[in-house]
């Protein structure tokens, strides 16, 4: 069961990173996210 949860969390992290990386700098700025912070924001979304 823990393996399934870990895989799902990884997929959610990866999808979040991909979606945020597709945004323009302007859109990220509107959200208050720096491009260098995308990984941190994605990790927080998984929790």
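Data overview
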quantity	calculated
Residue ranges of helices (runs of 4 or more DSSP H) in the chain with at least 2 members at negative phi, surrounded by 11 or more Cβ atoms within 10 Å (Cβ to Cβ) and touching a helix residue (DSSP H, G or I) at 6+ places or on another chain (Cβ under 8 Å)	2-22, 38-46
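To keep it simple, each residue is scored yes or no on (1) over 12 Å from the mean Cα position of the chain (by Cα); (2) at pLDDT below 95.
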{"site": "14", "(1), (2)": "no, no"}
{"site": "18", "(1), (2)": "no, no"}
{"site": "25", "(1), (2)": "yes, no"}
{"site": "29", "(1), (2)": "yes, no"}
{"site": "35", "(1), (2)": "no, no"}
{"site": "38", "(1), (2)": "no, no"}
{"site": "42", "(1), (2)": "no, no"}
{"site": "47", "(1), (2)": "no, yes"}
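The values are calculated or read from the model by the stated rules, or taken from the named source; none is laboratory data. In this text the structure is predicted, and so the values were computed from the model without any measurement. We place every Cβ from the backbone using ideal geometry, glycine too, and count neighbours over all the protein chains shown.
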